[in-house]
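Input: a single structure, listed below in structure tokens.
Computed from the coordinates by the stated procedures, all read-outs in this text should not be read as laboratory data. Here the structure is a predicted model, which means the values were calculated and not measured. Virtual Cβ from ideal backbone geometry, glycine too; neighbours counted across all protein chains shown.
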Amino acid sequence: APIQDIRDVMADPQYQALDTVTTVDDPELGPLRMQNVLFRLSSTPGTIRWAGRPHGADTDEVLTELGLTEAELTALRTEGAL
């Protein structure tokens, strides 16, 4: 069998027919090509909706769950810690 590099794999008709790679729109980076959900069931096929959460998107929620107050979060931001 031939040895393929990534360009060969991405251009392979069977690989494309399996919809193995999908394009996801990222608000910061624009359209990204990435691995699709590998096992898609007929009733619940699954989809990739985003490439990942932006850096720091959940910081406030996590720190609040850990018991920090809004004033403490503000102080940490003022200090440059967040």
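Considering only 42, 17, 75, and ranking their Cα positions along the charge dipole of the chain that arises from unit charges at the beta-carbon of Lys, Arg, Asp and Glu, the one farthest toward the positive end is 17.
Just add up the charged neighbours of residue 12: K/R +1, D/E -1, any other residue whose Cβ is under 14 Å from the Cβ of residue 12. Working shown, then result.
On the way: positive: 7; negative: 5, 8, 19.
Spelling it out: positives minus negatives among the neighbours equals -2.
Simple spin-label estimate for residue 18 and residue 33 gives 1.6 nm between the two label positions (7 Å along the Cα-to-Cβ direction from each Cα).
Counting only alpha carbon atoms, the long axis of helix 70-79 and the longest principal axis of the chain meet at about 80°.
Are there trypsin sites (Lys or Arg not before Pro) in the chain that DSSP puts in a loop and that have at most 12 other Cβ atoms within 10 Å, and which ones?
Answer in residue order: 40, 49.
For residue 26, the residues whose amide H sits under 5 Å from its own are 32, ignoring neighbours fewer than 5 places away on the same chain, with H placed 1.01 Å from N. Its Cα centre serving as origin, the chain has a Cβ charge dipole (Lys and Arg +1, Asp and Glu -1) of approximately 420 debye. Here are labelled values, (1) -0.67, -0.71, -1.23; (2) -0.47, -0.53, -1.23; (3) -0.33, -0.38, -1.44, and one is the computed log10 I(q)/I(0) by the Debye sum over Cα atoms at q = 0.13, 0.14, 0.27 Å⁻¹ for what I pasted. Which one? Matching the structure shown: (1). P(r) of the range 8-54 in 10 Å steps, Cα pairs, percent per bin? The calculated distribution, bin by bin, is 24, 46, 28, 2. Taking chymotrypsin sites (Phe, Trp or Tyr not before Pro) across the chain, the ones in a DSSP loop with at most 14 further Cβ atoms lying within 10 angstrom of their Cβ are 39, 50.
Scanning residues 5 or more positions from residue 21 or on other chains, those with amide H under 5 Å from its amide H are 36, with H placed 1.01 Å from N in the peptide plane.
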